[in-house]
Amino acid sequence: MTELQPDAIASARLAESGKVWTSDLSVAEFALLDAAGFRPLEFVMGSSVFHIGWQQQNLRQSVELQVLSQAMYTARMNAMGRMLAEAAQVGADGIVGTRLTFRQHGISADHIEFIAVGTAVVSKTNPGAYRRPDGQPFSSHLNVQDFFTLLQTGHIPVEFVMGVCVWHVAAQGLMQTLRQMGQNVEMPQWTQGYYDARETALARMQAEAERVQADGITGVEWNASEWMWGAHTLEFFTSGTAVRKTGEGTPITPQMVLPLS
C-alpha cells in the first residue's frame with residue numbers, strides 16, 4: 001500500500017465531513033454558537049515544520065534580523081493557510097477560536113513547528129454571507145462568547161491578523177558596562193530595541209487588516225520573547241482579529257448574574 005501524504009490524509013478526512021461534526025468547543029460554547037445562528041462543521045488545523053536560515057549579525061548594531069523575521073512569519077502563515085484551506089474544503093463560512101502555537105522541533109533550535117487549530121462553522125440560515133470580501137472563510141481567535149457579542153454589535157470577523165519582528169539589540173561597550181555597575185540606570189539600547197520591534201510588528205499587523213478591507217482589530221495580544229536566538233535577540237509578536245462593520249447591531253443590555261455558591 002502506498003502511504004498517503006499528509007494533505008491527502010486530511011482531504012480524505014474532510015471528505016467525510018457532514019456525517020459527524022467535530023469541534024473543540026465546550027458545551028456552553030456549542031449552545032451559544034447555535035443561538036448565534038451558526039453550526040460547527042469540522043475541527044480544522046494546519047501545520048508547518050520550518051528550518052530557519054542563517055542570519056549574519058553585527059554585535060554592535062541594533063537592527064531587524066530580516067531572515068529570522070521572514071522565517072517566523074512564513075511558518076505561521078503556512079500553518080494558518082492550511083487551516084483555512086481545510087475550512088474552505090468543507091464549505092465553512094469561517095473559523096472561530098483560532099489558536100496558533102509553536103514548539104521547537106527536534107533537538108535543533110533552527111527547526112520549529114507552528115500549528116493552527118480552530119472550529120470551522122457555517123451560518124444556518126445564510127451560508128456564505130459571512131465570508132471575507134474575497135470569498136474565503138473568515139478566521140478569528142475570539143471565543144464563541146466574544147464572537148456572539150461581536151455579531152450583536154453589527155460587526156463580523158474577517159481575518160486573524162498578526163505581525164512579527166525579530167530584532168537584534170546591540171551589545172554595550174565595556175566602558176558603559178563598567179559605568180552602570182552598582183547603578184540604577186536605564187539601558188537605552190534595550191528600551192529602543194523593544195520600541196522598534198513593537199512598532200514594526202504592529203505596523204505589519206495593521207497592514208494585514210487593511211489588506212482584507214477591515215475596519216479595525218479587536219482582541220489584540222502581544223508577546224515579547226528571547227526564546228531561541230540568544231541574549232541579544234528578541235522577537236515581538238502581535239495578533240488580533242480584524243473585523244468589519246455590516247450593520248447597526250442590536251443593543252446589548254448587561255445582565256446581573258449571581259453565583260449559586
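The values are calculated or read from the model by the stated rules, or taken from the named source; none is laboratory data. From a predicted model like this one, the values you see are computed outputs, not experimental measurements. Cβ sites come from the backbone with ideal geometry, for glycine too, and all protein chains shown count toward neighbours.
Consider only pairs whose beta carbons are under 6 Å apart and that are at least six residues apart or on different chains; among these, list those whose first residue lies in segment 79-106 and is more than 11 Å from Met45 (Cβ to Cβ) and whose second residue is among the aromatic types (Phe, Trp, Tyr) and not in a loop (DSSP other than H, G, I, E, B).
Gly94/Phe138; Val96/Phe147; Phe102/Phe114
Could you say which residue among Arg244, Arg204 is at pLDDT 90 or above and closer than 25 Å to Leu68 by Cβ? It would help to see each step written out before you state the result.
Values: Arg244 fails: closer than 25 Å to Leu68 by Cβ.
None of the other options fit; the residue is Arg204.
Name the residues in segment 97-144 that are touching a Lys or Arg at 6+ places or on another chain (Cβ under 7 Å), surrounded by 15 or more Cβ atoms within 10 Å (Cβ to Cβ) and charged (D, E, K, R), would you?
Glu113
Considering only segment 80-96, state which residues are crowded, with 24+ Cβ neighbours inside 10 Å and either aliphatic (A, V, I, L, M) or assigned to a helix (DSSP H, G or I) (or both).
Listed by number, the residues that qualify are Met83, Leu84, Glu86, Ala87, Ala92, Ile95, Val96.
Take segment 32-55 and flag every residue that is of a type in the set (A, V, I, L, M, F, W, C) and exposed (fewer than 12 other Cβ atoms within 10 Å of the Cβ).
Of all residues in segment 32-55, those of a type in the set (A, V, I, L, M, F, W, C) come to 32-33, 35-36, 38, 41, 43-45, 49-50, 52, 54.
Of everything in segment 32-55, those that are of a type in the set (A, V, I, L, M, F, W, C) and exposed (fewer than 12 other Cβ atoms within 10 Å of the Cβ) turn out to be Ala35, Trp54.
Could you list, in sequence order, the residues of segment 125-156 that are of a type outside the set (A, V, I, L, M, F, W, C) and closer than 17 Å to Arg211 by Cα?
Correct list: Arg131, Arg132, Pro133, Asp134, Gly135, Gln136, Pro137, Ser139, Ser140.
Condition check: part of a loop (DSSP other than H, G, I, E, B) and either modelled with pLDDT of 80 or more or within 20 Å of the chain's Cα centre (by Cα) (or both). Does Thr22 satisfy that?
Criteria met by Thr22.
Only one of (1) outside any helix (DSSP H, G or I); (2) in contact with a Phe, Trp or Tyr (Cβ under 9 Å, 6 or more places away or on another chain); (3) of a type in the set (A, V, I, L, M, F, W, C) is not met by Ala129, so which one is it?
(2)
Yes/no per residue for (1) at pLDDT 95 or above; (2) assigned to a strand (DSSP E or B):
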residue: Gly135; (1), (2): no, no
residue: Pro157; (1), (2): yes, yes
residue: Met175; (1), (2): no, no
residue: Gln213; (1), (2): no, no
residue: Ala224; (1), (2): no, yes
residue: Phe236; (1), (2): no, yes
